Amino acid sequence: MVSGQTGRRARHPSGNTALPRSCEHAIRNSKGEETTMTGLLHLHPAAAASLEKWHAMIARKDLGDLPSIAHPEVVFRLPTAFNPYHGIEALVLTMSNVVQIFEDFSYHRQAATADGRNVVLEFSAKVGGKMAKGIDFIRFDDDGKIVELEVMMRPLSGAQALAAEMAKRLSRALPASSEVR
């Protein structure tokens with residue numbers, strides 16, 4: 001069962017029925033209007049704290065604190081690579097560049113699984129003048145550490161623009177995903 005913008009009030013196994021007020025954050029809806037999402041996700045408390053930090057880092061375009069919320073063996077999947085990357089270093093290097101490449105980035109919707117340890121964040125951005133929409137799938141462990149992050153994007157032209165810019169920036173710093181373990 002997923003709880004999200006449907007208004008369902010799923011109950012987390014811990015008894016929590018809403019996010020703490022501090023987890024509220026402004027996002028833009030599909031019409032570009034600013035709105036606040038609150039009380040819609042029923043996250044495990046540690047995952048809620050990490051997600052709050054995630055949103056703050058994305059808003060600042062500074063992921064320097066990402067290691068504090070990521071598991072050392074995090075698995076990271078990009079729409080531009082066939083095989084996953086493993087480890088905090090690859091995650092920080094890649095995501096730090098992605099937030100600089102994306103223009104007009106905003107999250108629109110979010111949802112969580114009933115166990116409160118998995119979230120889906122829908123976003124839109126421009127990449128090299130091309131519009132892109134995507135989804136971040138984030139899985140947290142019991143300590144609120146990100147253990148898996150998968151990014152999906154469309155249309156293909158947006159993913160290709162991201163891949164081209166990432167290749168310019170990271171071709172020497174980050175080996176091909178099949179080489180990273």
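The values are calculated or read from the model by the stated rules, or taken from the named source; none is laboratory data. The structure displayed is predicted, hence computed values, not measured ones. Quick reminder, even Gly has a Cβ in these numbers, built from the backbone with ideal geometry, and neighbours come from all protein chains shown. Keep in mind that these areas ignore ligands, DNA and RNA; they rest on the heavy atoms of the full protein, side chains included. Shrake-Rupley method; radii C 1.70, N 1.55, O 1.52, S 1.80 Å.
Based on this model, can you work out whether Ser50 counts as more than 26 Å from Pro155 (Cα to Cα) and free of Cβ contacts under 8 Å to residues at least 24 places away in the same chain? No. One residue stands out among those in the range 50-94 that are open to solvent by 50 Å² or more (accessible area, probe 1.4 Å) and among the small types (Gly, Ala, Ser): the one that is nearest to Ser106 (Cα to Cα), which is Ala59. Identify all residues within the range 41-89 that are under 26 Å from Gln160 (Cβ atoms), touching a Pro at 6+ places or on another chain (Cβ under 9 Å) and among the aliphatic types (A, V, I, L, M); write none if there are none. Val75, Leu78 - these are the residues of the range 41-89 that are under 26 Å from Gln160 (Cβ atoms), touching a Pro at 6+ places or on another chain (Cβ under 9 Å) and among the aliphatic types (A, V, I, L, M).
Can you confirm whether the range 132-140 contains a residue that is under 11 Å from the mean Cα position of the chain (by Cα) and more than 23 Å from Leu170 (Cβ to Cβ)? So far as the range 132-140 goes, yes, one or more of its residues are under 11 Å from the mean Cα position of the chain (by Cα) and more than 23 Å from Leu170 (Cβ to Cβ). Do we find that Leu156 is open to solvent by less than 40 Å² (accessible area, probe 1.4 Å) and of a type in the set (A, V, I, L, M) in this structure? Here the answer is no, as Leu156 does not meet what is asked. For Asp136, the conditions (1) open to solvent by less than 60 Å² (accessible area, probe 1.4 Å); (2) touching a Pro at 6+ places or on another chain (Cβ under 7 Å) are fulfilled apart from (2). Taking every residue in the range 111-136 that is within 16 Å of Val98 (Cα to Cα) and among the aromatic types (Phe, Trp, Tyr) and pairing it with any residue that is in a strand (DSSP E or B) and open to solvent by less than 10 Å² (accessible area, probe 1.4 Å), at least 6 positions away or on another chain, the pairs with Cβ-Cβ distances below 8 Å are Phe123/Gly134; Phe123/Asp136. Considered as a group, the residues in the range 119-131 that are more than 11 Å from the chain's Cα centre (by Cα) and closer than 25 Å to Ser50 by Cβ include one that is surrounded by the fewest Cβ atoms within 10 Å (Cβ to Cβ), and that residue is Ser124.
Go through the range 64-74 and give me each residue that's at pLDDT 95 or above and out of contact with any Gly (no Cβ under 8 Å at 6 or more places or on another chain). Within the range 64-74, Asp65, Leu66, Pro67, Ser68, Ala70, His71 meet the criteria.
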